[in-house]
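The values are calculated or read from the model by the stated rules, or taken from the named source; none is laboratory data. Computed from a predicted model, the values in this text were never measured in an experiment. Glycine also receives a Cβ, built like all others from the backbone with ideal geometry; neighbour counts cover every protein chain displayed. All accessible areas refer to the heavy atoms of the entire protein, side chains included, with ligands and DNA or RNA removed. Shrake-Rupley method; radii C 1.70, N 1.55, O 1.52, S 1.80 Å.
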Amino acid sequence: MAQWISGDRLIQRFEAWAPKKLAYEHDKIGLLVGSLHKKVKRVMVTLDLLENVADEAAEKNVDLIIAHHPLIFHPLKNVRSDEGQGKIVTKCIKHDIAVYAAHTNLDIAEGGVNDMLADQLGLKDTDILQPTYSEPLYKLAVYVPVSHAEHIRDVLGDVGAGAIGKYTRCSFSTHGEGAFLPQSGAKPYKGTVDKIEKTSEKKIEAVVPEHLLHITIQKMIKAHPYEEVAYDVIPLQNDGKKYGLGRIGKLSEAIPFKDYCLLVKERLGLEGLRTVGSSENMVKTVAVSGGDGNSLIPYAKYQGADVLITGDIYYHTAHDALLCGLNVIDAGHHIESVMKQGVKDFLCKVIAEEKSDTEVLISKAVTNPFHFVV
């Protein structure tokens, strides 16, 4: 009998990869149409949700659409079934198709849109172009009998606690004496009710990133022998893992800008592209941002990029790039369609792990509004 994953569970797993907290403050992400409280037999991935995509999803009996660009970005004054976005919303509701958007959070996420583009372009030693978020860190300290100290240390490490830079399972322990008085109704692991008990214990400390804190505490308590676990959670001032927009990396060797433009056109499957800067300039360090890259000019220049590849650049911003000596490739916003295969690969992995028969489709509808006339 076929097993279908629930929409709630699928999106829960998706948001572990691209959490909402990474998104820009006013971004319209998350569930935009319909409900996730249902079984999902088919999910479709698309860059944009236009009417042709909604028709395709209805024809293929899709239960959930995951789009990169939000269908509803500005508040709708009305929802008319005969025109505009209301027509798309109505079709999705009529066919019980839920619509979920992952926009700047998917851009910023590790392995997200900008990492996908960097991989497609063959960039090496990539780093974040514009940091936007640093994950909070916490110190978890738990008091445990000596007999169970190594087991608890292993549990913390298995969850991912104690990661510092290129080191994992980092922890520190101190030896001491614990004392407690079990009250009436208690079922102590060691000792008796109404009698002070003293026992040899270890205090184990490990650094935990915010996204692992809840599950780490859950696993630790489950593995702990005590009926009531004594532990502390302390916020730290240390910088956690950094996330941000865009990526910057290196080519294997420097090449002329005019040659690199042709390479980008080929790698990204483009009809054409716009360029800023001298065709004879050499390119070695490359910055990339799939969406609007106008605010990234100073970040690219400061980090030593020879060229910025972006989905959108304004006329006067192009002048700014010229003035500071930065070449630019405006490859068009549609280069973010690289996310379709990337998101499908991620969802297929999740569905396999969940032992589900849910099918993942990539929309074949054309949503790029621009064409080149040559």
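In the chain, excluding the sites themselves, the longest stretch lacking any of the chymotrypsin sites (Phe, Trp or Tyr not before Pro) that are in a DSSP loop with at most 11 other Cβ atoms within 10 Å is 1-369. The trypsin sites (Lys or Arg not before Pro) of the stretch 235-314 that meet both conditions, a loop assignment by DSSP and at most 15 other Cβ atoms within 10 Å of the site Cβ, are LYS241. Treating the Cα atoms of the stretch 80-168 as identical point scatterers in vacuum, please give the log10 of the normalised Debye intensity I(q)/I(0) at q = 0.11, 0.24, 0.25 Å⁻¹, two decimals. Once normalised to I(0) and log-transformed, intensities are -0.68, -1.19, -1.22. Putting +1 on Lys and Arg Cβ atoms and -1 on Asp and Glu Cβ atoms, find which of LEU49, TYR138, GLY86 reaches farthest to the positive end of the dipole of the stretch 47-180. Value computed over the given set: TYR138.
Subtract the Cα-Cα distance of ASN52 and THR192 from 0.36 nm times their separation in residues, and report this length gain in nm to one decimal. Walk me through the numbers before you get to the answer.
On the way: separation 140, 0.36 × 140 = 50.40 nm, distance 7.11 nm.
Extra length from ASN52 to THR192 when fully extended: 43.3 nm.
Remark: spin-label model distance TYR167-LYS124 equals 2.9 nm, labels positioned 7 Å along the Cα→Cβ axis.
The stretch between HIS316 and LYS265, if pulled fully straight at 0.36 nm per residue, gains 16.0 nm over its current Cα-Cα span.
Kirkwood analysis of the Cα pair distances in the stretch 164-205 returns a hydrodynamic radius of 12.6 Å.
Annotation for LEU31 and SER278: the two label points, set 7 Å from Cα along the Cα-Cβ direction, are 5.7 nm apart. Taken along its principal axes, the alpha carbon cloud of the stretch 164-316 reaches lengths of 84, 27, 26 Å, longest axis first. Annotation: for a label point projected 7 angstrom from Cα along Cα→Cβ of GLU228, residues of the stretch 119-157 with backbone N closer than 19 Å are 141-145.
Checking every one of the GluC sites (Glu not before Pro) in the stretch 1-65 against DSSP loop status and a limit of 12 other Cβ atoms within 10 Å picks out GLU25.
Rounded to the nearest Hz, the phi-derived 3J(HN,Hα) couplings of the stretch 183-199 under the Karplus curve 6.51 cos²θ - 1.76 cosθ + 1.60 (θ = phi - 60°) are 8, 4, x, 6, 10, x, 4, 9, x, 10, 4, 6, 9, 4, 10, 10, 9, where x marks glycine and proline. For the modelled label position 7 Å from the Cα of ASP154 along Cα-to-Cβ, which residues of the stretch 215-234 have backbone nitrogen atoms closer than 19 Å? Once the point is set 7 Å along Cα→Cβ of ASP154, 216-226 turn out to lie under 19 Å by backbone N, inside the stretch 215-234.
Mean-square fluctuations from a GNM of the chain, with a 10 angstrom spring cutoff on Cα atoms, peak among HIS26, HIS334, HIS103 at HIS26.
Using a Förster distance of 41 Å, how high is the FRET efficiency between GLU110 and VAL146, based on the Cβ-Cβ distance and rounded to 0.05? The partial results should precede the final answer.
Numbers: r = 38 Å, r/R0 = 0.93.
Step by step, r from the Cβ atoms, then E = 0.60.
Kirkwood hydrodynamic radius of the stretch 228-289, from the reciprocal of the average inverse Cα-Cα distance over all distinct pairs: 15.5 Å.
Between THR216, THR192, THR90, the residue with the greatest mean-square fluctuation in the GNM of the chain (Cα pairs under 10 Å linked by springs) is THR192.
Ignoring ligands, DNA and RNA, what accessible area per residue does the chain give at 1.4 Å, in Å²? Don't skip to the end; give the middle numbers.
Details: 19850 Å² over 374 residues.
Per-residue value: 53 Å².
How large is the Rg to Rh ratio of the chain when both quantities use alpha carbon positions and Rh follows Kirkwood? Numbers along the way, then the final one.
On the way: Rg = 25.9 Å, Rh = 23.9 Å.
In the chain, Rg relative to Rh is 1.08.
Simple point charges give the picture: +1 on the Cβ of Lys and Arg, -1 on the Cβ of Asp and Glu, and for the chain a dipole about the Cα centre of about 640 debye. Taking θ as phi - 60° and the Karplus parameters 6.51, -1.76 and 1.60, the scalar couplings of the stretch 126-134 work out to 6, 9, 6, 7, 10, x, 10, 7, 10 Hz in sequence order, x denoting glycine and proline. Seen from LEU50, the other residues with C-beta closer than 12 Å to its C-beta sum to a net charge of -2, counting Lys and Arg as +1 and Asp and Glu as -1. Stretching the chain fully between ALA16 and SER252 yields a gain of 81.7 nm (0.36 nm per residue, less the alpha carbon separation). Just so you know, the Cα atoms of the stretch 26-182 work out to an Rg and Dmax of 23.9, 74 Å. For trypsin sites (Lys or Arg not before Pro), the sites in the stretch 42-124 that DSSP calls loop and that have at most 14 other Cβ atoms within 10 Å are LYS60, LYS77, ARG80.
Looking only at the chain, where both bridge partners belong to it, what percent of the DSSP beta bridges are antiparallel (to the nearest 5)? Numbers along the way, then the final one.
Working: 45 of 66 bridges.
Looking only at bridges with both residues in the chain, the antiparallel portion is about 70 percent.
A crude spin-label estimate for the pair SER184 and TYR24, with each label 7 Å from Cα along the Cβ direction, gives 6.3 nm.
Equivalent-ellipsoid semi-axes (√(5λ), Cα gyration tensor) for the stretch 1-85, whole Å, largest first? Can you show the working numbers first?
Details: eigenvalues 98, 75, 23 Å².
Those come to 22, 19, 11 Å.
For the set LYS39/LYS166; LYS60/LYS242; LYS28/LYS301; LYS166/LYS284; LYS258/LYS340; LYS258/LYS349, the pairs lying more than 32 angstrom apart at their alpha carbons are LYS39/LYS166; LYS60/LYS242; LYS258/LYS349.
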